[in-house]
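The values are calculated or read from the model by the stated rules, or taken from the named source; none is laboratory data. Everything numeric in this text was worked out from a predicted model, so none of it was measured. Ideal geometry is used to build each Cβ from the backbone, glycine not excepted, and the neighbour counts take in all protein chains shown. Heavy atoms of the whole protein, side chains included, go into the accessibility calculation; ligands, DNA and RNA do not. Shrake-Rupley method; radii C 1.70, N 1.55, O 1.52, S 1.80 Å.
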Amino acid sequence: MIELPDLVTGGLTAGTLSALALGGLLLRSRRQQHRQRLEITSLRTQLDGRSRAFTAEVEHLATRRLPAAARQPAHRHITVPGPLRTQTAGTPLGIALEGVLDGLRTELAAQRTRIDAAAQAGMRGATREIQAALYRLQDALRALQQRYDDPELTLTLFQLDHENEQSLRRAQIAAVVCGAWVGLAREESHLVDAVTGGQARVPGYHRVKVHNHLRPGTALVSHAVEPAAIIVAELLDNALRHSAPDTDVVVNLEHVHHGVCVTVDDAGLGMTEDERARAQRLVGGREPILLTDLGDPPRMGLAAIGQLTRQFDLTVDVSSPSPYGGVRAVLRVDSHLLSRIDPAERPPAASAPRTTHVPQRPEPAAAPATAAPAHTYGTEPDDDAPASGAGHRTPEHDEAPDGPRDTGGLPQRRRRPRVSAAAEATAPRPARRPEEAAAALGALQSATAAARSGSAPDLGPDPDPAPDPGPARDSAPGPVSEPVAARPSAQFAADDTEQTDHEGGTAR
């Protein structure tokens, strides 16, 4: 039997142990609550920080990134900023924000295309009416020019016609940019006529110097004539507007391996690398052109060139600076757009610059043994050559009889076969080269001066004079010339001037 004191002691011991256990549990619970409160505080702090970061990113997206993305299609130099915090890139938040930008770009592109198409349709209708009215005005002005011959009135009418041409060109350019047809269907024409036609459409056309190095008869097929004239007019207009009024714009027409090139050089200020790249992008015609990309007010010249190069398979390059300090623009017309017109049947316009191209002539065939020996103006006879190859026959020398005789050191005279007048008239007469013409004229002038001064050597009487075989001919057959003494020296000067003018290609 357990006594009462033992029970009390055991109960107290058990209560003490229970109290200690409960106290430990209470202490552990308080510590756990404290840790939880700290974690909750930390989580709240992190959540507040993330909320503030998200709010800052959204504000940055709305105030910086979206406006830059909206302006970038029209201004390619603008860059869209990235996220505000670099840690955001690649995270779900960063990917979501980039998706917002991509969706904005897609929708803006679609809206700009629809709006620009509506604007172009409206402008096409307006320019069509304007072009028709300007063509009627042009016909009326030309009818007045033909009706009246008063000089002052004619000058005024020509000035009005030129101003009307400027308005017509601007309306035509606007229509071409908006996708309309060029407005004219022309027949095959000389390429130089298309270039001078474009020159006549711009103000300051008198500053344009055209150098034609094309083969005679080089022409454009019918559907390429008007586009080439429009492109040349726009290139010249840019060159004239961006160069000093006291400088010239040089145009060169020349053949290349794949066709013909029209090179326009100005002495203006030139362009920066960015401007040249943008201009090349416009004239290349590889990208669709929107009116909103052309500035305010829109500059349509290069955009119209790009439309025409894409539609008619032409090539324009403005990526090179000009040696004169400005811009060099090159229009290349490939061979499949070229044709040929017989210049004898349809010559170019009288105002077109004459070509400086010298056609390649075949080598002359060797003369037969019975043909007359060729003149060799300005050359010395060869002592070792046979007597049949004697040189130029002077007026003082008659023909010697057959058989050898002592010449006493003087030039030996030989008979020359008689050439009939009919044979001379029907002989082919190719044009002389400039060097041959100059040598012949110099020799004739020297012989004339010597004959007048009496300085020619006296060879004595000819023992057997032969009949005069007629006027001598050059190795390159030409027109039968009159005797030297009967032609005044002024005539030689006139012939020399005409030959030089023909070879140099200058307009007379």
Taking a probe of 1.4 Å and leaving out DNA, RNA and ligands, region 240-335 shows per residue an accessible area in Å² of 50 Å²
Cα-only Rg/Rh for region 92-149 with Kirkwood Rh rounds to 1.58
Output ordering of 193-200, 160-167 (per-residue mean of other Cβ within 10 Å, highest first) is 193-200, 160-167
Computed about the Cα centre, the charge dipole of region 1-98 from +1 Lys/Arg and -1 Asp/Glu charges at the Cβ has a magnitude in debye, to the nearest 20, of 720 debye
Rounded to whole Å², per residue accessible area for region 156-207 with a 1.4 Å probe reads 41 Å²
Heavy-atom accessible area per residue of region 86-136, all protein chains kept, 1.4 Å probe, expressed in Å², is 63 Å²
In whole angstrom, the spacing between the Cα centers of region 38-61 and region 217-259 equals 65 Å
Interchain or sequence-distant (5+) residues whose placed amide H lies within less than 5 Å of the amide H of residue 270 are 327
With every protein chain kept in place and a 1.4 Å probe, the residues 324, 148, 135 fall, from largest accessible area down, as 324, 148, 135
